[in-house]
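Notes for the one structure printed next.
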Amino acid sequence: MRIVWTVSARQKRDQAIEYVAQESLRAAFNQLNEIELQADRLLEHPNMGRPGKIRGTRELVIRQTPFIIGYRVKGDVVQIVRFLHGAQNR
């Protein structure tokens, strides 16, 4: 399996990390590291996230961060389609 981020999900992630970095580079690094570690866990456990609001998607709450990733599994690809702050309206 492999992970593929959509352009929009990657941009949202990068914007969020850049925002955090304005206050603390260490916090930004730690959050980005946690996002990547947990996303990588989807390679072995693609159904570990809760069912998403959109049919065929799942949501993974990224622990130790305020973020959620929305994803879908297609064959051997985990496609990350959304990246959002947990306080955002979905």
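Find the residue count for segment 26-76, including only residues that are assigned to a helix (DSSP H, G or I) and surrounded by 11 or more Cβ atoms within 10 Å (Cβ to Cβ). Quick ask: steps written out before the conclusion?
As a first pass, look at segment 26-76 and keep what is assigned to a helix (DSSP H, G or I): 26-41.
Pick out the ones that are also surrounded by 11 or more Cβ atoms within 10 Å (Cβ to Cβ) and you get 27-41.
Final tally of qualifying residues: 15.
From the list Phe67, Phe29, which residue is in contact with a strand residue (DSSP E or B) (Cβ under 8 Å, 6 or more places away or on another chain) and of a type in the set (Phe, Trp, Tyr)?
Numbers: Phe29 fails: in contact with a strand residue (DSSP E or B) (Cβ under 8 Å, 6 or more places away or on another chain).
After applying the criteria, what remains is Phe67.
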Report, ordered by the first and then the second residue, all pairs with beta carbons closer than 6 Å, sequence separation of six or more or different chains, a first member in segment 1-19 that is in contact (Cβ under 8 Å) with a residue 60 or more places away in the chain and within 22 Å of Asp76 (Cβ to Cβ), and a second member that is among the acidic types (Asp, Glu) and surrounded by fewer than 15 Cβ atoms within 10 Å (Cβ to Cβ). Met1/Asp76
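Condition first: outside any strand (DSSP E or B), touching a residue at least 24 places away in the same chain (Cβ under 8 Å) and among the aliphatic types (A, V, I, L, M). Now tell me which residues in segment 77-90 satisfy that.
First, pick out the residues of segment 77-90 that are outside any strand (DSSP E or B): 86-90.
Remaining after also requiring touching a residue at least 24 places away in the same chain (Cβ under 8 Å): 86, 90.
Correct list: empty.
The numbers here are math on the coordinates, done by the rules we state, and not lab data. What you see is a predicted model, and the numbers here were worked out from it, not measured in a lab. Positions of Cβ are generated from backbone atoms using ideal geometry, with glycine treated the same way; all protein chains shown enter the neighbour counts.
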